[in-house]
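Structure first, commentary second.
The values are calculated or read from the model by the stated rules, or taken from the named source; none is laboratory data. This structure is a prediction, so every number in the text was calculated from the model and none was measured. Methodologically, a virtual Cβ is constructed for each residue, glycine included, from the backbone with ideal geometry; neighbour enumeration extends over all protein chains shown. SASA here: full protein model, heavy atoms, side chains in, ligands and nucleic acids out. Shrake-Rupley method; radii C 1.70, N 1.55, O 1.52, S 1.80 Å.
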Amino acid sequence: MKNEKIKFKDRLKDISAGLGDSLKESTLWGSIFRPGSPFRKGYSDSPRNRSYVVMNNVLYHLHPVKVKRHGVRLSYTLCLGGLSFFTFIVLTITGIWLMFYFRPTEMAYVDIQSLQTSIAFGSLVRNMHRWAAHIMVLVVFLHMSRVFYHGAYKAPREFNWVIGVILLILTLLLSFTGYLLPWDQLAIWAVTVGGNMAGYTPVFGAQVKFALFAGLEATEATLLRFYVLHVLFLPFIIVIFMAIHFWRVRKDGGISGPL
Amino acid sequence: MVDIPEHLLLKTAEARAKALGISVEQALAEMRGEAEPTKIEKEPDVIEVTPIEVEVKETPAPAAAVKETPAPAAEKSNGQVPTEVDFAPETKVTQRLLTVVKAKPIQKPTSEPVDKVNTWPHLMLPEFISLMAMTAFLIFISAILQAPLLEEANPNITPNPAKAPWYFLGLQELLSYWDPQIAGVMIPLIIGVAAFMAIPYIDRNKENNPSKRKYAIMLWTFFLAGAGTLSLIGILFRGPGWNWTYPWIDGVWFDDLLDWVHFE
């Protein structure tokens, strides 16, 4: 009896292994994974396979096959650039999720309330979106300081620093436009203070304020304006600049240094 | 024998014929081994060299010996050396130098080799771990810290104080010192941003070692300290009417961290 059981197990193992092999040899599998991909050939640790992991991966757009040894030390970059990008991805995912339950109208406040009370994981996702936004502002600024202290803005990386400053401004604008969306007292008055500061612009002050508020003060028209900027316009712009930023990091010779 | 292209053979034969004063056909035949090579009749002009007599001293210092060697120019003036020296007698020339090709590699190495490691696993694994850590941190903090949600927006009720988002609080604090109408806001801000962008074009020091760029590091550290101090004052030490308050006496007016500030 026991022997038969083992045999049955072995047979099952053979069948699953055979299924796995035939799946890996199928046209569909081969069309999904590039030749040389570890998903196709299996992975054993060798310098050749280490290169193949990157080369047959969409991340090849982001990472070269090899990087300078000092650059992979965690204490060199503290992973700040990568974490800026990652918090942006977290914000995109949670933000899209929040868009299903949010209307930028007089219903905005009610929507946030029901998100917190009656929608599964609503409170968690809203909290994640908000804290990740604060963390992103902080991490982007720390990334900028890290780059400054390493002198990583020097030739040939001057222009990538300029793009980085643009990305910082866009991050602040994304955070600022998102600030209004809960449509509570904190949101409207923080944005009013910020908008009034912009209103002190010499010469064009009134016009700048009018364009920002879509009127003379923060109203529901402002809410719609900030919403469109927040979910569509600014992410669109920031993604373009991020693409240029990452491309230039590699084109300018990867990570700077060593010190 | 290696096949020599016909036109090259002809060219060489012409050169040989010219050098030896024979016909091209003759030279061609000689080169193909069909005829006896023409003997060189004309001997090259031999330059008569009179041995230089060097007075040998008792202690011959090499520098002194050189000094006493008669200069070649002086010997020339004697008239014993032919005025025109034929260093390459025509009769001897059987090939020509067309060009000199310097020996160099086709590909030039432009940069020094750098110590590198494989991205997988040395970069991608720590990256993945830090992303996971960040996700865990975000979920944890979102579970214990509630994002603030005050009463519904009401343009008729102004909270006191009305504070900007925390990253603008340093600016708001700074502006409270001057009348914003006089200080202007956006123009200094735009100039400030432009100055930030211009940093790499202003700082032309090529060094990136901290000990060789103390001035730049000092300036940035001052900026960080200033911005941090102003922001902290704006966040913690400003209460109703933007008056100075102490967080441990009067409390904190900072609704971003409502859940932290109000202990119930």
Legend entry - Loop-located chymotrypsin sites (Phe, Trp or Tyr not before Pro) in the stretch A:195-242, at most 14 other Cβ atoms within 10 Å (DSSP): A:PHE204
Inset, instruction - Kindly write out, for the stretch A:8-14 in residue order, the coupling ³J(HN,Hα) from the Karplus curve 6.51 cos²θ - 1.76 cosθ + 1.60 (θ = phi - 60°), rounded to whole Hz, with x marking Gly and Pro. - result: 4, 4, 4, 4, 4, 4, 4
Inset, instruction - Determine how large the accessible area of A:ILE237 is when every protein chain is in place; take a 1.4 Å probe and give Å² rounded to the nearest 10. - result: 40
Inset, instruction - Please go through the stretch A:38-139 and write out the trypsin sites (Lys or Arg not before Pro) that DSSP classes as loop and that have at most 14 other C-beta atoms within 10 Å. - result: A:ARG73
Legend entry - In the stretch B:174-238, the chymotrypsin sites (Phe, Trp or Tyr not before Pro) that fall in loop regions by DSSP, at most 10 other Cβ within 10 Å: B:TYR177, B:TRP178
Legend entry - Entries in A:LYS66/B:LYS102; A:LYS154/B:LYS104; B:LYS116/B:LYS214; A:LYS41/A:LYS66 that, when Cα-Cα distance is taken, lie over 27 Å: A:LYS66/B:LYS102; A:LYS154/B:LYS104; B:LYS116/B:LYS214
Inset, instruction - Give the shape of the protein assembly as shown as rounded, prolate or oblate, defined through the alpha-carbon gyration tensor: a ≥ b ≥ c are the square roots of its eigenvalues, a/c under 1.5 means rounded, and otherwise the shape is prolate if a/b is larger than b/c and oblate if not. - result: prolate
Legend entry - Using a Förster distance of 25 Å, the FRET efficiency for A:HIS61-A:PHE39 (Cβ separation, nearest 0.05): 0.85
Legend entry - 222 nm mean residue ellipticity, helices alone, for the protein assembly as shown (DSSP H n ≥ 4; -39,500 (n - 2.57); rounded to 500): -17500 deg cm²/dmol
Legend entry - Total accessible area lost when A and B pair, probe 1.4 Å, Å² to nearest 100: 7200
Legend entry - For the stretch B:201-229, residues shielded by at least 50 square angstrom of accessible area compared with the chain on its own, probe 1.4 Å: B:TYR201, B:ASN208, B:ARG213, B:TRP220
Legend entry - Average Cα contact separation per residue, the stretch B:161-264, under 8 Å, 6 or more apart, as relative contact order %: 38
Legend entry - ³J(HN,Hα), Karplus 6.51/-1.76/1.60, whole Hz, each residue of the stretch A:107-122, x for Gly, Pro: 7, 4, 5, 5, 4, 5, 4, 5, 4, 6, 10, 10, 10, 4, 6, x
Inset, instruction - Amide H neighbours of A:LYS66 under 5 Å, at least 5 residues apart or on other chains, H built in the peptide plane: list them. - result: B:THR119
Legend entry - Nearest 10 degrees, 0 to 90: helix A:234-251 Cα axis against chain A principal axis: 50
Legend entry - Karplus-derived HN-Hα couplings along the stretch A:27-40 (A = 6.51, B = -1.76, C = 1.60, θ = phi - 60°), whole Hz, x at Gly and Pro: 5, 4, 4, x, 7, 6, 9, 5, x, x, 5, x, 5, 9
Legend entry - Cα shape, the stretch A:2-61, gyration tensor, a/c 1.5 rule: prolate
Legend entry - Global form of the stretch A:73-251, assessed from the alpha-carbon gyration tensor, a/c cut-off 1.5: oblate
